[in-house]
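The values are calculated or read from the model by the stated rules, or taken from the named source; none is laboratory data. All of these numbers come straight from a predicted model, not from anything done at the bench. Note: ideal-geometry Cβ built from the backbone for every residue, glycine included; neighbour counts use all protein chains shown. Accessible surface areas use protein heavy atoms only, side chains included; no ligands, DNA or RNA. Shrake-Rupley method; radii C 1.70, N 1.55, O 1.52, S 1.80 Å.
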Amino acid sequence: MHRIPRVLAYMLATILSLCLLALVAAGGVYLVLSPQLPSVETLRDVRFQQPLRVFSADGELIGEFGEYRREPLRYEDVPERMRQAFIAAEDERFFTHYGVDPVGLARAVVYLARHREIGPGGSTITMQTARNFFLGREQTYLRKLNEILLSFQIERELSKEEILELYLNKIYLGQRAYGVGAAAQIYYGRSPSELTLAETAMIAGLPKSPSVANPISNPQRALQRRAYVLRRMLELDYITREEFAEASAAPITASLRRVRPGLHAPYVAEMARARAVELYGESAYVDGYRVVTTVDSRLQEAANAAVTGNLLAYDERHGYRGAEATYSLETYDAADAWDGLLREHPRFSSLLPALVLSVDDQAGTARIYLGAGEEKELTFQQMRWARPWLSQFSVGAEPERVSQVVSPGDLIRVRETEEGLRLAQVPDIQGTLVSLNPRTGAVVALVGGFDFRHSQFNRAAQALRQPGSAFKPFIYSAALERGFTPASIVNDAPVVFEDDALETTWRPENYSGRFYGPTRLREALAQSRNLVSIRVLRDVGARYTVSFLERFGFDSQRMPVDLSLALGSASVTPLELTAGYAVFANGGYRVEPHVVSHITNDRGEVVYRTVPTLACDACEELQETAGAIRPVAADESGGADVLDPRYRPAERTLDAANAYLMNSMMQDVIRTGTARAARALGRDDLAGKTGTTNDLHDAWFTGYNGTLVTSAWVGFDQARSMGRGETGSRAALPMWMDYMRVALDGVPSSPPPRPDGIVTVRIDPESGLVTGADNPRAIFETFHRDRVPERDSHADGRSGGGGRDADERTIF
């Protein structure tokens, strides 16, 4: 009778001893591991890895860089149905346990006893949060113990809502999506609050196998996981049976949604990315920086259309080079095979790849395949332009039927127009357009080439090209500085130079091959007379001129110190040339071109701001503090206010009278000269200069008014002739006009203010001298009051300039 109680006593003592040993062991483990655990306090100030994003000045997304896609959400911004779905799938007792679920842990212990390895089960949302933020995914006893201890700490220091918010923003959900915000965008293109119950359950089922069981890579396994989540939600009374049935029957609607920028400006995005990496290194890709550029989305879209349209127009003028490839339709005889062929020819700009399936000359059509089962007809009228390319200088006869242009099996390009599809081809030619605010240097639009995917080389900022006659205004500005006037007479006549710097005999000529005799400087610039420019540079001096060019921001080390400089033989980028013209446009101030406005961190705080130069006549008060203002990164600010909105006063590098006279002369380029076509814009405040280099390798037009200065360039990357007649007026000016027509729409005329000391008098156009109102040939000319010519029709004629006596009026 007394033995049973004694056995029970032994058993009880044994159990108590084991419990005590377990507690001692747990305490020992805690004492050993606790000091090595990371501080949970860091979770209160966690920074999620987010991609670098680039935006236009008006908030349009331009580009995104980085492997991590994440859209962090606050707890209250996560829909309740989404929270319930994850709790049902991952941790139904989340709001009642203290970090470790005893039931789940017991299930894990049983698995360990049976299989002698760590298995699934037992991981609460808190434990997963501890693992995701602090630990790796290796299956070891030590990691599991650390996970449990960290979970207890997290539960002590954070609320359940804070823990769930961290989890839902951190968890990996496949396809580069981290967190439910990014997953909703990537799989469905919507925010979590806009998802259906079936879509929500699909996302909640992803944590177990996000890479191999997501609806993109394995739809069947994803459906199984969705069914599990919906069943658990029903069992926990989160949804009704009707909702369960409806969601269970719903088809898969997920598809991979790539980030689609709201504004197409890839060259700008790349410039912004490079600047961010220069400032922050590789962390720029994961720390959630947002780079806001100076680009205006309306102007950028106009620039995109102008470059694309004009390069395609040039390409059509020079004939059709034939299909990109030709395939046997006997070998590739089904839509799946055709789709595979099209994938090998990605879309470039607006040009879609298409496969010709059949040709009907009698109907005058070709049936083409555009992918994804879509077939269309291309009419003969839509390919009539396609005269065969023979050489850069000639094309063949106009085609008379469809079969002379395309054949079945041809892989061609088409583009959408207002008249429907049109045959096209990827241009060999390249072009660029860059536009900036002449008062601040802010780049408002930039296109670096026909298509970024086709070529990532940014011609606007990186291509060193000869500007040709577009460089003449800088030569003429130097001449004005040395005493020339717009009325100075220079002889346009044949000349031969034995130039030591060139080490050869040089016989320059005008583009037309003709000579025009004594010519006023204004007329010479308007008509782009080469021989006048050479004589002017010879008189002013090449060395002086090269030094003078630094006032416009040009690198004197890249300037040839010889007479070829008069014809634009220097090497400049389109961006540099545009910034140089900005000095004329703003009245004589040198501004610094820039693309980045400011950068914010993942909290929206400004950590970097470009402080631009400002061209203004009333900046004396700013000048006093200019030395203390500069672009500054937050980590080097030393207490400086990075939000300081002030500008740095731009340095005046050109006399206001010089800038005004050059503007007046370049207005004549548009009124009466080589850019007369620009009169079609119907504005009275435009000025600029065409440029064409030797053998028609480069075509330019740079022009401006008081609010915008823009350069357009066309040419081949590997310099060669563009073909007969492809001058700046034909190849580049239309691009500039197409852009400025949109950019200046609704913008009031902004003629430059007339500076002090400028006067207008009548002159005789043949002599350049002051004349009276009774002279029937008299025209008005503008001068600085100190350089008005004499009123003497019998003077010994040569115009003043560079080292000549003031009464000389003509250079021969």
### Task
Report, in cubic angstrom per residue, the convex hull volume of the C-alpha atoms of region 295-352.
104 Å³
## Note on the structure
Among the Cα-Cα pairs of region 521-627, the proportion with separation greater than 20 Å, in percent, is 58 percent
### Segment residue 786-residue 194, extension gain: residue separation times 0.36 nm, minus the distance between their alpha carbons
205.8 nm
### Query
Could you give the nm distance between label points at residue 76 and residue 507, where each point is 7 Å from its Cα heading toward the beta carbon?
8.5 nm
### Message
Given axes a ≥ b ≥ c from the Cα gyration tensor, I'd like to know whether region 296-394 is rounded (a/c under 1.5), prolate (a/b larger than b/c) or oblate.
### Response
oblate
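More than 14 angstrom separation, counting every C-alpha pair in region 248-295; what % is that?
Numbers: 724 of 1128 pairs.
Percent of Cα pairs beyond 14 Å in region 248-295: 64.
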### Query
Just by accessible area at a 1.4 angstrom probe, what is the order of 390, 577 from largest to smallest?
390, 577
### Query
Computed over the Cα atoms of region 180-296, what is the ratio Rg over Rh, Rh following Kirkwood?
1.14
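At a 1.4 Å probe radius, which order do 237, 617, 360, 287 fall into by accessible area, largest first?
Details: 237 130, 617 110, 360 70, 287 40 Å².
If we order 237, 617, 360, 287 from most to least accessible, we get 237, 617, 360, 287.
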### Task
Order the peptides 775-782, 376-383 from the highest to the lowest mean number of other Cβ atoms within 10 Å of their residues.
376-383, 775-782
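At 1.4 Å probe size, put 246, 64, 523 in order of accessible surface, largest to smallest. Provide the component values of the computation, followed by the final result.
Values: 246 135, 64 45, 523 75 Å².
Heavy-atom accessible area, descending, gives 246, 523, 64.
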### Query
In the full protein assembly as shown, how much of residue 550 is accessible to a 1.4 Å probe, in Å² to the nearest 10?
80 Å²
### Query
What is the distance, in nm, between label points placed 7 Å from the Cα along the Cα-to-Cβ direction at residue 721 and at residue 672?
3.3 nm
### Task
Roll a 1.4 Å probe over the protein heavy atoms and report the accessible area of residue 83 in Å², nearest 10.
40 Å²
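Given a Förster radius of 35 Å and the C-beta distance between residue 514 and residue 556 as r, what FRET efficiency does 1/(1 + (r/R0)^6) yield to the nearest 0.05? Display every interim value, and only then the final one.
On the way: r = 34 Å, r/R0 = 0.97.
That pair, residue 514 with residue 556, gives E of 0.55.
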### Message
Return the equivalent ellipsoid semi-axes of region 677-759 as a descending list in whole Å, where each equals the square root of 5 times an eigenvalue of the C-alpha gyration tensor.
### Response
28, 15, 10
### Message
At 7 Å along Cα-to-Cβ for each site, give me the label-to-label distance between residue 754 and residue 211 in nm.
### Response
7.5 nm
### Query
Which percent of Cα-Cα pairs in region 383-463 sits in each 10 Å bin, short to long?
14, 30, 30, 18, 7, 1
### Query
Which value, in Å³ per residue, describes the convex hull spanned by the Cα atoms of region 418-509?
281 Å³
